[in-house]
Amino acid sequence: YMVAVEPAPVFDNVDHTTKYGFSARALIPGWAQLYKGSTAKGLTILAAEVAAIGGIIFTENERATYESKMRSQPNFAKQYKTKVDNYETARNCCIGAAAAIYVYNLIDAIVAPGARRVVVRPRNMHFTPVASKDFSGITLSYNF
């Protein structure tokens with residue numbers, strides 16, 4: 001709030017907003033939510049994406065291990081083939097989960113409002129084009 005000490009005060013043009021607009025922060029899962037003040041949501045999205053990527057890495061390593069065992073030990077090929085198929089399915093589920101979390105992150109970063117913040121707008125700022133026979137350009141005048 002502002003306090004007037006003069007009979008006809010002139011206050012700054014202050015506005016409150018929850019809009020932040022799109023930025024490159026949305027490309028990193030959870031980063032835009034943290035920037036907007038939604039700490040729990042941002043950390044949850046980041047942790048879920050890390051867990052999904054960790055799941056992809058783990059299940060792919062296990063699948064590759066059992067696939068190599070299946071080739072080296074033909075007597076147990078049927079059992080190892082079942083495990084290879086199971087880990088492949090789990091890996092595909094983790095890939096789908098990671099993609100879904102990332103898409104949710106992008107949509108939420110664009111659509112969800114952030115914490116309320118104060119925006120101070122300048123009172124008199126003007127850009128004016130200038131042209132003469134010697135030069136051309138843009139002038140900026142700011143009255144405060």
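The values are calculated or read from the model by the stated rules, or taken from the named source; none is laboratory data. Given the structure is predicted, the values throughout are model-derived calculations rather than measurements. For neighbour counting, all protein chains shown are included, and Cβ atoms are generated from backbone atoms with ideal geometry for every residue, glycine included. Accessible surface areas use protein heavy atoms only, side chains included; no ligands, DNA or RNA. Shrake-Rupley method; radii C 1.70, N 1.55, O 1.52, S 1.80 Å.
Tabulated values for the structure
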{"quantity": "Count - residues of segment 19-57 that are within 13 Å of the chain's Cα centre (by Cα), within 30 Å of Y87 (Cα to Cα) and crowded, with 18+ Cβ neighbours inside 10 Å", "calculated": "6"}
{"quantity": "Inter-residue pairs, beta-carbon under 6 Å, first under 30 Å from T17 (Cα atoms) and in segment 120-140, second outside any strand (DSSP E or B) and at pLDDT below 70, 6+ apart", "calculated": "V120/D12"}
{"quantity": "A64 in contact (Cβ under 8 Å) with a residue 40 or more places away in the chain, open to solvent by less than 90 Å² (accessible area, probe 1.4 Å) and among the aliphatic types (A, V, I, L, M)", "calculated": "no"}
{"quantity": "Members of segment 80-95 found to be surrounded by 13 or more Cβ atoms within 10 Å (Cβ to Cβ) and over 34 Å from the mean Cα position of the chain (by Cα), listed by number", "calculated": "Y80, K81, K83, V84"}
{"quantity": "Within segment 71-107, considering residues that are in a helix (DSSP H, G or I) and polar (S, T, N, Q), the one nearest to K41 (Cα to Cα)", "calculated": "N105"}
{"quantity": "Positions within segment 52-98 being touching an Asp or Glu at 6+ places or on another chain (Cβ under 9 Å) and of a type in the set (F, W, Y), in sequence order", "calculated": "Y80, Y87"}
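Matching residues to (1) at pLDDT 90 or above; (2) among the acidic types (D, E):
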residue: A52; (1), (2): yes, no
residue: G55; (1), (2): yes, no
residue: E67; (1), (2): yes, yes
residue: T89; (1), (2): yes, no
residue: G96; (1), (2): yes, no
residue: P129; (1), (2): no, no
